[in-house]
Amino acid sequence: MLAPNKTTLTQFLIEERRRHPAASGELNALILEVALACKAIAKAVAHGALAGMLGEAGSTNSQGDAQRRLDVVANQIFVRGTEWGGSLAGMVSEELEAPYVIPARYPKGKYLLVFDPLDGSSNVDVNVAVGSIFSILHAARPEEEARVEDFLQPGTRQVCAGYAIYGPATMLVLTVGTGVHGFTLDPQLAEFILTHPRLGIPEQTSEFAINASNSRFWQPAVKRYVDECLAGRSGPRGKDFNMRWIASLVAEAHRILMRGGMFMYPRDNRDPGRPGRLRLLYEANPIALIVEQAGGAATTGYRRVLEVPPAELHQRTGFMFGARAEIERVEHYHRMYNEREYDAPLFSPRGLFRASAEA
Ligand code: MN
Ligand code: MN
């Protein structure tokens, strides 16, 4: 039985709704459907090779990424788990080119669901944490089939954002606009239990995360920011920094919510036509809302992520988030170096990150 002081996700949502009488029961029902989908994905992830879940699916998704078996399975679990409930007018998934049409046999509702069913899926085969990310928006035309333009809302309009992380423990972290709360899956009860209420991201940090193998493509602002971190105690920041890189957005976001830090996947110069790597609607926006609700900040480098007006479903963006003071610093550098080249000492021929290995 539950200890008397333990709160389940269901109880948490009902109590939140009592405090906000305008909130709808439909939203709670939808969040619980998503939570059930996440439990089913956790089970598929946990069985791994035993269930034949590892490896490539032999197909590609809407953006040409090779799909893993679990990408396809997780997408089906999300769709099947939420399409029937009557709360949705449509959904958008990383794995589907066009919005998913709610089958005619089910009623349509007043919300839109956008999701990345399995984030960090290249980590699955090496048994490193992966996750799911979701965002709930109001449908402009409730109970009617959602069109592409209905999904193109800035992140400020999100009603709920969350992620599940399938790590050593499965957790669900979400916000309905009243702070960020973390729930841990009790495997015996198969219930999410509130274990991390009111998560907060410290304003300062000495830990940052970036894929340094892209450093030759970085823009001057990012080069300067990282250089100054790497220079440590004797550099302009006057302290030593640690670097982390898991290559799974959910895992990076979760670490930052648990102990602070700063994450960067900036727009770079590798392919000038591509405005970054991560997707705005179902990766950057939900994580940005969670981070802001936890007292942190999230930027493209040039503006607040949540205010970017989306132009297409699978739009990519530069994305940096975490400790507020660090985000303000990197935004300041973007404004400074918008047009000027930065001659970064650590990237010069004699620097630490010199291109050739010669002495
Ligand atoms: Mn992803
Ligand atoms: Mn994915």
Any hit, the range 69-88, residues being in a strand (DSSP E or B), away from ligand 2 (no atom under 16 Å from the Cβ), at negative phi and open to solvent by less than 10 Å² (accessible area, probe 1.4 Å): yes
Among residues of the range 116-146, those that are more than 21 Å from Met91 (Cα to Cα) and among the β-branched types (Val, Ile, Thr), counted: 4
Residue in the range 178-189 that is open to solvent by 10 Å² or more (accessible area, probe 1.4 Å), within 15 Å of ligand 1 (Cβ to nearest atom), in the same structural domain as Leu54 (by TED's automatic domain parsing) and of a type in the set (A, V, I, L, M) present: no
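Considering every residue within the range 107-118, establish whether at least one is outside the structural domain of Gln315 (by TED's automatic domain parsing), modelled with pLDDT under 95 and either within 14 Å of ligand 1 (Cβ to nearest atom) or closer than 24 Å to Asn28 by Cα (or both).
Within the range 107-118, not a single residue is outside the structural domain of Gln315 (by TED's automatic domain parsing), modelled with pLDDT under 95 and either within 14 Å of ligand 1 (Cβ to nearest atom) or closer than 24 Å to Asn28 by Cα (or both).
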Residue list for the range 118-136, restricted to those being charged (D, E, K, R) and within 8 Å of ligand 2 (Cβ to nearest atom): Asp119
Meets criteria (modelled with pLDDT of 85 or more and surrounded by fewer than 22 Cβ atoms within 10 Å (Cβ to Cβ)) for Ala40: yes
Odd one out for Thr60 among (1) surrounded by 17 or more Cβ atoms within 10 Å (Cβ to Cβ); (2) within 16 Å of ligand 2 (Cβ to nearest atom); (3) among the hydroxyl-bearing types (Ser, Thr, Tyr): (1)
Which numbered condition Gly109 misses (of (1) assigned to a helix (DSSP H, G or I); (2) more than 14 Å from ligand 2 (Cβ to nearest atom); (3) open to solvent by less than 50 Å² (accessible area, probe 1.4 Å)): (1)
Residue list for the range 204-228, filter: touching a strand residue (DSSP E or B) at 6+ places or on another chain (Cβ under 9 Å) and charged (D, E, K, R): Glu207
Some residue of the range 204-219 being within 16 Å of ligand 2 (Cβ to nearest atom) and either closer than 20 Å to Lys39 by Cβ or part of a loop (DSSP other than H, G, I, E, B) (or both): no
Single match in Glu144, Glu95 (criterion: in contact (Cβ under 8 Å) with a residue 24 or more places away in the chain, of a type outside the set (A, V, I, L, M) and away from ligand 2 (no atom under 14 Å from the Cβ)): Glu144
Filter result for Ser132 (under 26 Å from Glu326 (Cα atoms) and among the small types (Gly, Ala, Ser)): no
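The values are calculated or read from the model by the stated rules, or taken from the named source; none is laboratory data. No experiment lies behind these values; they were computed from the predicted model shown. Positions of Cβ are generated from backbone atoms using ideal geometry, with glycine treated the same way; all protein chains shown enter the neighbour counts. Protein only, heavy atoms only, side chains kept; ligands, DNA and RNA dropped before computing areas. Shrake-Rupley method; radii C 1.70, N 1.55, O 1.52, S 1.80 Å.
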